[in-house]
Amino acid sequence: MRITRIMQPGPSTGKTLPRVAALASALMLLPLAGVQLALADETSTAPFELAFLPTEGRLTSSFGPRVHPITREAAFHRGMDIGAATGTPVRAPAAGTVVSAETQGAYGLMVTIDHGNGIRTRYAQLHTANVSAGDRVSVGASIGTVGASGQATGPHLHFEVWNGNEALNPSDYLAR
């Protein structure tokens, strides 16, 4: 009877009861919102890391200023070049979704992978691509083979890391 009386709006509870009920509902849902925020934070704040370099070979050109090997002009190199024999496997050093796998001008045959949070990697001058746009790739998945397509002086992998519109030094993201 006491509960019934408390639940009935009266002179002292007219506007208070609906507010209390709304507050109680919000408090019950709060732990679920916290879990969702924690999961969102986990994916958005996790640092990007490359498990390994995408191919085996010798570093022939690093990230930064250089003299372009074909034009002989000073230019900023937005990736790293790894010299290797044509057909050497290229593997994904981080999981993601393939955005494109197509010929793109001086880059030649290039695969681009989206890793989330604005991070993309590019694998250029390929001989073959083993993936297509929309494919999900895991760490270590074969994505293509080293080649000399596009503007290249010999077989190598041109590898880039991008955050939005900014090229990043791939060496800074290698797992230590």
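The values are calculated or read from the model by the stated rules, or taken from the named source; none is laboratory data. What you see is a predicted model, and the numbers here were worked out from it, not measured in a lab. Positions of Cβ are generated from backbone atoms using ideal geometry, with glycine treated the same way; all protein chains shown enter the neighbour counts. When the accessible area is computed, the model is the full protein with side chains, heavy atoms only, and any ligands, DNA or RNA have been set aside. Shrake-Rupley method; radii C 1.70, N 1.55, O 1.52, S 1.80 Å.
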### Query
From the list 94, 124, which residue is closer than 17 Å to residue 161 by Cα, assigned to a strand (DSSP E or B) and either out of contact with any Lys or Arg (no Cβ under 8 Å at 6 or more places or on another chain) or open to solvent by 10 Å² or more (accessible area, probe 1.4 Å) (or both)?
124
## Note on the structure
For the stretch 150-173, pairs from a residue that is in a loop (DSSP other than H, G, I, E, B) to a residue that is buried (at least 18 other Cβ atoms within 10 Å of the Cβ) and of a type outside the set (A, V, I, L, M, F, W, C), with Cβ under 7 Å and 6 or more apart or across chains, are 150/107; 150/108; 150/125; 152/108; 152/125; 155/147
### Message
Among the residues that make up the stretch 146-162, is at least one of them more than 12 Å from the chain's Cα centre (by Cα), β-branched (Val, Ile, Thr) and buried (at least 18 other Cβ atoms within 10 Å of the Cβ)?
### Response
yes
### Task
Considering only the stretch 64-91, state which residues are in a strand (DSSP E or B) and free of Cβ contacts under 8 Å to residues at least 12 places away in the same chain.
66, 67, 74, 75
### Message
Quick check on the stretch 163-175. Is at least one of its residues within 15 Å of residue 54 (Cα to Cα), charged (D, E, K, R) and either in contact with a Gly (Cβ under 7 Å, 6 or more places away or on another chain) or surrounded by 20 or more Cβ atoms within 10 Å (Cβ to Cβ) (or both)?
### Response
no
